[in-house]
1. Using 5 Å bins from zero, what percent of all Cα-Cα pairs in region 81-171 falls into each bin?
2. If R0 is 25 Å, what FRET efficiency do you get for residue 125 and residue 57 from their C-beta distance, rounded to 0.05?
3. Using only the alpha carbons, work out the radius of gyration and Dmax of region 46-128 in angstrom.
4. Students often check this: by mean Cβ neighbours within 10 Å, which of 45-51, 98-104, 84-90 ranks highest, and how do the rest follow?
5. Measure off 7 Å from each Cα along the Cα-to-Cβ vector at residue 174 and residue 68, then give the distance between these two points in nanometres to one decimal.
């Protein structure tokens, strides 16, 4: 006599084999190429000459604007006046330095008041390498930097990552 467990096992195996055969058959049918295969190709869409010229002129204009902005635009400059024997100027630090070009005279103390309003980490430090100055600029506070330039010339100040720049032009004293 056949036991119940043997009958159940035989039925289970039969169902499993039938199901796996059906799955295998459906997968093999899915992977077979169809008889009506179509070759897909991109078709060139001809554009009017005016569109081509417009895109070309627009692109060249944007390139020219970018070159002018970064290489040839006039920087904001400020000639610093002397007050109480010190040439003082406030420089706003917000996405760069404003003003970024400062004109001072030799032999007189200079005070640069940096007012940092930009929270980016790049602008949290100011460096004036020719004057051996490097200082941290706290956010939303004015940080004074004092020095006395002794030689005429152009001296650069930069952020800690050397991405943002400004220039201090030191001129000989003018006789009034």
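1. Spelled out bin by bin, region 81-171 gives 3, 15, 27, 28, 17, 8, 3 percent.
2. Taking R0 as 25 Å, the efficiency between residue 125 and residue 57 is 0.05.
3. For region 46-128, the Cα radius of gyration and maximum Cα-Cα distance read 20.7, 72 Å.
4. So the peptides 45-51, 98-104, 84-90, ranked by packing, come out 98-104, 84-90, 45-51.
5. 3.0
Each reported figure results from applying straightforward, stated rules to the coordinates on display, with no laboratory input. This is a predicted model, so every value here is computed, not measured. Cβ coordinates were reconstructed from backbone atoms using ideal geometry, including for glycine residues, and neighbour counts include every protein chain displayed.
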